[in-house]
Each structure stands twice: as C-alpha cells, then as structure tokens.
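Heads up: the structure comes next, in structure tokens.
The values are calculated or read from the model by the stated rules, or taken from the named source; none is laboratory data. These numbers were taken from a predicted model, which means no experiment stands behind them. Don't worry about glycine lacking a Cβ; one is built from the backbone with ideal geometry, like all the others, and counts go over all protein chains shown.
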Amino acid sequence: MKSYIDLIEQTFYWPQKEFNVEDNALKFHDVPLMDIIEKYGTPLKLTYLPKISQNINQAREYFANAFKKLNYKGDYTYCYCTKSSHFSFVMEEALKAGVHMETSSSFDIPIVRKMHEKGFLSKQHYVVCNGFKRPLYRQYINELINDGFENVVPVLDDLNEIDSYEAEAKNPFKVGIRIASDEEPTFEFYTSRLGIRYNDVIDLYQNKIAKSEKAKLKMLHFFINTGIKDTAYYWSELGRFIDKYCELKKIAPELDTIDIGGGFPIKTSLGFEYDYQYMVDQIVENIQWICEKNNVETPNIMTEFGSYTVGESGATIYSIFTPSYLFKMFKVTLKIFV
C-alpha cells in the first residue's frame, strides 16, 4: 500500500456510481469538481438536481416491483418531507418529479402556498400535515382547507387537535391519526413523544371523527426514529401498527391509507450497503400477510422520504491550507504500519 488511492481501492468498491477519478481529478455524478472549484472557490455547497428525481423514481420502482411481485392491491404515494431542505430549487425539482408534500410546522405552509402560486403544486396534491400543531399551524391548515386544497390531511397528534378543524374549517376535510410507537429500549424516551397511544385510537375515532359531519379518516400514520432497518424491533412495531390498522378498518370503512413515514438510509460513507428492494418487498409482504389474516382490504401505502430525497444530491467542498499536527502524526503512523 503506497498511496491513499491504494487504501481506497482495497477497502471499498471503487470507482462508485457517484464518484470517479478522471485525469487525477474527482468527479461527482460525472461533474468535474475542479472546474467548479476554479470558478467559484471554496468553501462551496452544491446540489446535483438530477439525483433528486433519480431517487424519487427509484423508490417508486421499488414499490412497483414489490406490488407486482406480490399482486398487492393498492397505490403508492411518495411525499417529500419539506424540513429536509427548504431551498426552492430542491422543492421545485421534487415537485416536478410528481411528489406530494409533508409539512411539520407553520413555517412550511407558506412554502405550500408559494409552490402553488408558481404552478408546481395543485389543490389536488396531498399535503400531509405532521407535527405538534400550535395555534398558528392549525390556523394555516384551516385556511388551506377553506381555500379548496382538497387533500390537506392534518395528522392528529393529540386527542383534542381535531376540535380546531371542526370549529374553523368550512369545507369537509380528511384527517390522519399518528400512532405513538414504542421506541427501542435503549432510546432515551421509551414511548414516542408524538402521537396517539394505541389504546386511545379507537376511542378517538368513535367519539370524535365518526361523529363529525365534516371529518373523514383517511390514514393511519406510523414512524419510528431508528428508520427502516432489518431488525426484529422494526418488524415487531410495523406488525403491531398493521394490526391496529386492521382493527380500525373494520369500523372505519373510509380508512384506506397507511403512512409508514420516512427512514430510508442514505449513503454517508464509501462502505455503505443497503438492500432497498429487499426491505420494500418485506414491508409490502408483511402488510399484505397481516391484512389477509384479518380479512381486511390492503391499504394504499404512503411514504415521507426527506433525507433519502435530497441527501445524496448535495456536496460541500473545502480547501486544505495546511495539514495539522494530528494529520502529520497519522501519516507517520500509517507509514510505519505499511
């Protein structure tokens, strides 16, 4: 091992889809970085926009493949999690790829308005409103409903949230229910700080949603902080969630969608490995199996991918002016090791 490139080639698969070296210069998605550096200098942040639509379409393909393989009855909807990046060029690129939107605070609703004004988002797009709803956030949601945004879906995060929409919304509206999942035992909070407890879901539907003349239960929402991982914990929580969907579906025939949140990991190192298609296949298969076992119609599936949408499209470039003492020590150690 005589050079750094030797270390890279012997440790990782190289070159990779995103990176390659040509004439001793690094390329990022076939874009020559040195040309950009010479023009704009450093430090520099850049976004390779085509990667956004590539990841969106790739996720759609994963679910389409799983649906076809399993003969799954239902539709798939891709929502973009706005808090991952609020830059207009990112939002516009995602919306051009046909995504719907997920919001998490009052700061996001003016973005929905702006995207509609610019023609990137219609009043038929889904706007899934997550997060704890403070008064301004609820006001903005009611205004969207009253302005004719047909598929605004406030996801109820506490037992009294629906009261605001009942009082202020003039048009019929859809709602979702976020279920508070149990976190991993090692997590600081064993039960999620957000959402409705499993034991309260049926009561919330029967006592408030079912009695409403304007509200319609559209979806059940599920999310865990660890993301989508092939662990016993993830499959246990997903199974528990689908069991609750089946129980609720039997008394709420209008419920037709589950939102499994986000959580696709992204490439943060050259050694990253993750079988996306396998995980999607397993998710869809588990949903289908539990629904069939309970004699319940399989739901439409919605996701809210944020980091997965934009995380691999960006790069930050720095210049090294002088090596530090620690770097010099590392080189000496490496030389001795070799």
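When the residues of the range 1-29 are filtered to those that are more than 27 Å from the chain's Cα centre (by Cα) and under 30 Å from Lys96 (Cα atoms), the one that is modelled with the highest pLDDT is Lys27. Residues that are touching a Lys or Arg at 6+ places or on another chain (Cβ under 9 Å) and of a type in the set (A, V, I, L, M) within the range 253-304 comprise Leu255, Met279, Val284, Val296, listed in sequence order.
Annotation note: of Gly261, Gly239, Gly227, Gly271, the sole residue that is crowded, with 21+ Cβ neighbours inside 10 Å, of a type in the set (Gly, Ala, Ser) and assigned by TED's automatic domain parsing to the domain that holds Val127 is Gly261. Those helices (runs of 4 or more DSSP H) of the range 31-103 in which 3 or more residues are at pLDDT 95 or above occupy 50-70, 88-96. Contact map, the range 276-295: residues that are of a type in the set (Asp, Glu) paired with residues that are part of a helix (DSSP H, G or I), Cβ distance under 9 Å, separation 6+ or inter-chain. Pairs shown: Asp281/Tyr62; Asp281/Asn65; Asp281/Ala66; Asp281/Lys69; Asp281/Leu70; Glu285/Ala66; Glu285/Lys69; Glu285/Leu70.
Before we move on, is Glu247 out of contact with any Gly (no Cβ under 6 Å at 6 or more places or on another chain) and not in a loop (DSSP other than H, G, I, E, B)?
Spelling it out, Glu247 is indeed out of contact with any Gly (no Cβ under 6 Å at 6 or more places or on another chain) and not in a loop (DSSP other than H, G, I, E, B).
Taken together, the residues in the range 78-104 that are touching an Asp or Glu at 6+ places or on another chain (Cβ under 8 Å), charged (D, E, K, R) and under 18 Å from Gln124 (Cβ atoms) amount to 1.
What residue, among those in the range 4-20 that are of a type in the set (A, V, I, L, M, F, W, C) and either free of Cβ contacts under 8 Å to residues at least 60 places away in the same chain or not in a loop (DSSP other than H, G, I, E, B) (or both), is nearest to Met34 (Cα to Cα)? Write out each step before concluding.
Pass one, the range 4-20, residues of a type in the set (A, V, I, L, M, F, W, C): 5, 7-8, 12, 14, 19.
Imposing the further condition that a residue be either free of Cβ contacts under 8 Å to residues at least 60 places away in the same chain or not in a loop (DSSP other than H, G, I, E, B) (or both) reduces the set to 5, 7-8, 19.
Working: Ile5: 18, Leu7: 22, Ile8: 20, Phe19: 13 Å.
Among them, the one singled out is Phe19.
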